[in-house]
Amino acid sequence: MLVLAIDTSNRAMSVALVRDQTVLGETTINVRKTHSESLMPAVAQLFKSTSLLPAAVDRFVVAQGPGSYTGIRIAVTTAKTFAWTLHKELVGISSLAALAANVTTSAGLIIPVFNARRDAAFTGAYRWQNGELVSVLADRHTPMASWLAELATQTAPLQFIGDDVESFRPQITAKLGQQAQFVSGIDNLPHASKLALLGQTAQPVANIHRFAPNYLRITEAEANWLKQHPTNEGHEPYVEEI
Amino acid sequence: MTEKKPELILAFESSCDETSVAVVEDGVKIRSNVIASQINSQKRFGGVVPEVASRHHVEQVTLCAEEAMTQAGVTYGDLTAVAVTYGPGLVGALLIGVSAAKAVAFAHQLPLIPVNHMAGHIYAARLVKPLVYPLMALLVSGGHTELVYMRGAGEFEIIGDTRDDAAGEAFDKVGRVLNLAYPAGKKIDDLSKLGQDTFNFPRAMIKDANYDFSFSGLKSAFINKVHNAEQRGEKLSKPDLAASFQASVIDVLITKTMRACQAYGVGQLVLAGGVAANSALRSALTSAIDQEDPNLDFVVPPIRLCSDNGAMIGAAAHVMMARGARADLDLNADPSLSFAYAEEVLN
Ligand SMILES: Nc1ncnc2c1ncn2[C@@H]1O[C@H](COP(=O)(O)OP(=O)(O)OP(=O)(O)O)[C@@H](O)[C@H]1O
Ligand SMILES: [Mg+2]
């Protein structure tokens, strides 16, 4: 199975072409440039250097969020459009799981963290079980303080991973001490080849058109609206063909 | 002799709160024009919330594209190019159309044509009849109020624009004061038919020796009038308020547009953008032309083509493609994309 995997959930962008268990190519770019500019040239270069065509891809795998709203929309829109227009399979994988998959040696819990600003994070807890990465504590948007309090009740070692962990490090060590371990160097960056491997065993989505990012947060405008209009009277459907 | 294949452009538009995909033949014929409007959602907020708009676009874009292809009865092998609006507009919203268009273009090895949304509004007129240059376009929409001079196909020079609010923005803001749901333009248009210009609001910049506009003073005058009356416990006629506001906007637009047409000696005037749907503006321009410049050819698209749609992007793409416009795969959204101003063109 030939897979194209795309992750633009955070600052780093990663794309990979993987056939079965073989990584044919992977590009990761970690500079402040918009994903809109970097993504498609990187994808095109991958196809060119592997002498493959998009039509040869069997399955498009995308990091579906959480993450930067704009980032996950670019990856999701690109992947779903490819899958739709080429009549291929589409798989969405948690962006947190994709990052957690970088840690292969841990016997404890793997804690991927994205900074969600205002002392909050997108995070969750994962563990390898019989060669499979499983979600132990579901992906969430949470204040860092209450998340660390919840993690403190765990007995297993906690392996924190992600470029953003550094900004929370004092807080994490203060709360968890020796229980917290930190991943070093390039493992903190997403690698789309890992995403591709996770995507190979996952179930393809049934309705490509309806496929959307997992933001894990409703917009502020909608939250305020729902507070004042709990029944949301008369506004559905939100989008209509005219 | 083999028959010449028609040029078919698949065009994406997602700059604001409509997701639209169209197939346009030879820049003049609409083969399909699928429009998904978010008005029902955005009117909860009294205006467009960018993050909400972007979220809706992701859920609509492939659906619209599929329907556009199906309705047009075309396959990818039939397509000549893929076109997309890359600005101006809401950056997050634009990025959905740009990402989708790139994926389709790359997947099928088709050229990608970048289109300025405002060029799209003007070229909606080409779906009605041939354009004759030089021409003048009065572009009145939610975010723009511009007089655009066109020496030739695909050549745009702004000779005048608004110093503050756009015309459509003024309609929407005044509508809020009258408790009309967003977007209020059409409702003010309808309400005005029941009233008269009794309030005599100011006609800003109407006598100035330039082609610029200003609508924020009118908006303030309107709001003051309503609030002062409220404080006195007086009830003003809503239809008269609407008609008075609209008359002020139209007066200024028409005076400056007619002056520009004469000064630049154009033979054709195009009315474009969402506010071009306004029935009083359409008929007032028609009679101004009858009286002052009967040889001026007036083109205004049907109402469906005045608001945002993919077909107008396909029509503009046809012209820009002939002029050699091509986007690379690194095409980005440009939220503040603008035509050049006349003085820049001369320099
Ligand atoms: N009949 C009408 N009379 C007056 N205004 C109208 C009418 N119908 C629509 N409008 C106005 O047109 C505007 C929408 O036009 P359009 O969709 O072209 O704007 P936009 O795409 O949001 O902005 P832009 O094109 O400048 O980026 C709204 O402000 C709306 O109130
Ligand atoms: Mg518009």
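Bear in mind these aren't lab numbers, they're just calculated from the coordinates by the rules spelled out. Quick caveat: nothing in here was measured; it's all calculated off a predicted structure. Glycine gets a Cβ as well: all are built from the backbone with ideal geometry, and neighbour counts include every protein chain shown.
Brief remarks on what is shown
- Packing, as the average of other Cβ atoms within 10 Å across residues, places the peptides A:155-161, B:138-144, B:123-129, A:171-177 in the order B:138-144, B:123-129, A:155-161, A:171-177, highest first.
- Trypsin sites (Lys or Arg not before Pro) within the range B:197-270, DSSP loop, no more than 14 other Cβ atoms inside 10 Å: B:LYS207, B:ARG232, B:LYS235
- Helix B:310-322 and the long axis of chain B differ in direction by around 60°, with both axes built from C-alpha atoms.
- Span-rule helices in chain A, defined as complete DSSP H runs reaching 20 Å or more along the axis (Cα) with Kyte mean at least -0.5: A:35-50, A:69-86
- Helix B:279-292 and the longest principal axis of the C-alpha atoms of chain B enclose an angle of approximately 80°.
- Share antiparallel - DSSP beta bridges, the protein assembly as shown, percent rounded to 5: 60 percent
- Peptide B:103-114 shows a mean partner chain C-beta count of 4 within 10 Å per residue C-beta.
- Calculated P(r) of the range B:130-300 - Cα pairs past 26 Å, %: 27 percent
- Working note: Karplus 6.51/-1.76/1.60 with θ = phi - 60° gives the range A:121-128 the couplings 9, 9, 7, x, 10, 10, 8, 7 Hz, where Gly and Pro are set to x.
- Relative contact order, percent, the range B:130-300 [alpha-carbon distance under 8 Å, six or more residues apart]: 28 percent
- Rounded to two decimals, the Cα radius of gyration of the range A:103-188 over 2.2 N^0.38 Å is 0.99.
- Here's the picture: a label point sits 7 Å out from the Cα of B:ASP297 along the beta-carbon direction, and within the range B:1-44 the residues with their amide nitrogen under 20 Å of it are B:26-30.
- Per residue of A:32-39, other chain Cβ atoms within 10 Å of the residue Cβ number 4 on average.
- Taken as Cα centroids, the range B:197-233 and the range B:110-173 sit 25 Å apart, rounded to the nearest whole angstrom.
- Phi-based couplings in Hz for the range B:17-30 (Karplus 6.51, -1.76, 1.60; Gly and Pro marked x): 10, 10, 9, 9, 9, 9, 10, 10, 9, 6, x, 10, 10, 7
- Within 10 Å of each Cβ in A:190-198, the average number of Cβ atoms from other chains: 0
- Taking every DSSP beta bridge that has both ends in the range B:130-300, the antiparallel portion is near 55%.
- The angle between the Cα long axis of helix B:238-264 and the longest principal axis of the Cα atoms of chain B comes to about 60 degrees, rounded to the nearest 10.
- Taking the square roots of 5 times each eigenvalue of the Cα gyration tensor of the protein assembly as shown, largest first, gives ellipsoid semi-axes of 49, 30, 19 Å.
- Taken one residue at a time, the phi angles of the range A:99-113 give Karplus couplings (6.51, -1.76, 1.60, θ = phi - 60°) of 6, 4, 5, 5, 8, 10, 9, 6, 8, x, 9, 9, 10, x, 9 Hz. Gly and Pro are set to x.
- Peptides B:162-168, B:277-283, A:25-31, ordered by how many other C-beta atoms sit within 10 Å of their residues on average, highest first, read B:162-168, B:277-283, A:25-31.
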